[in-house]
Amino acid sequence: MEHQHGSSCPIPVIAIDGPSASGKGTVAARVAQRLHFHYLDSGALYRLVALAASRAGVSLEDEPRLASLAGRLDARFADDEIWLDGEPVGLGLRSEACSQGASRVAAWPTVREALLARQRAFRQAPGLVADGRDMGSVVFPEATLKIFLTASAEVRADRRYKQLIEKGLHANMEDVLRDVRQRDERDSTRAVAPLKKGVDARLLDTTGLSIDDAVEAVLAYYRQVCPC
């Protein structure tokens, strides 16, 4: 265990933001494991809204109904599984269709507002590692450490392609790269909480780094800012 949380310190939060397929989810989960912190995969919440909408026949353009779905979302994270309406959702949540749906859902202001309190509730002792697009800028603006984790579009597309193939899902490299670039455009230009590096966030470019390298870099940054 690398961190002992003192009672005199506020509950620490490590916010890791970045574009699609940057590896932030894997890095965040491993950092949380090393520190024995809780972990929030905020993207999973938006994927769950997209999945719930698909199941309910709700259009991804119907903001009021999507916000209503988000507000009453029956979701939980337990036993290394993500559950929706009492059932594990498995790999379906990681499909490209669900990923694209999540990006579209996340562009609606009322959906983001509906999920805000739910995300903040993950901040529990001894600490939290949260990954997403606006963890440091909106959800946890007072985070102990803010990381903007990125990589070139080509490297990110290659990583996503390999993940999909490993999971037995069909993938085409050109399509994946196009999807990555489209998500970058959509996530960085939306009106509410656009994806961007905050002035108080540390840039971590993983283009030439392994996952282990990136994890060690985040832990080193954390030790610098949180002596408690």
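Numbers below:
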{"read-out": "Global geometry of segment 13-221, whether rounded, prolate or oblate, following the gyration tensor of its Cα atoms and the 1.5 cut on a/c", "value": "rounded"}
{"read-out": "Rounded to whole Hz, the Karplus (6.51, -1.76, 1.60) HN-Hα couplings of segment 97-109, x for glycine and proline", "value": "4, 5, 5, 5, x, 4, 5, 6, 4, 5, 7, 8, x"}
{"read-out": "Whole-Å distance, taken between Cα centres, linking segment 190-213 and segment 72-98", "value": "25"}
{"read-out": "Debye equation applied to the C-alpha atoms of segment 168-215, log10 I(q)/I(0) at 0.25 Å⁻¹", "value": "-1.00"}
{"read-out": "Three-way shape label, segment 70-119, alpha-carbon gyration tensor, a/c 1.5", "value": "oblate"}
{"read-out": "Amide H within-cut-off set for G132, under 5 Å, with H built and near neighbours excluded", "value": "I16, D17, G18"}
{"read-out": "Length gained when the stretch R55-V192 is fully extended (0.36 nm per residue, less Cα-Cα span)", "value": "46.7 nm"}
{"read-out": "Selection from V138, A151, F122, by position along the positive dipole direction of segment 118-161 (Cβ)", "value": "F122"}
{"read-out": "Pairs of lysine residues in the chain - Cα separation under 18 Å, sequence separation of 8 or more or cross-chain", "value": "6"}
{"read-out": "Relative contact order of the chain, defined on C-alpha pairs under 8 angstrom at six or more residues apart (%)", "value": "33"}
{"read-out": "Stretchable slack from E96 to A29, in nm (0.36 nm times residue separation minus alpha-carbon distance)", "value": "22.0 nm"}
{"read-out": "Gyration tensor (alpha-carbon) shape descriptor, segment 90-195, a/c threshold 1.5", "value": "prolate"}
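All of the numbers you see were taken from the coordinates with simple rules; none came from a lab. Here the structure is a predicted model, which is why all the values come from computation and not from measurement. No Cβ is skipped: glycine too gets one built from the backbone with ideal geometry, and neighbour counts run over all protein chains shown.
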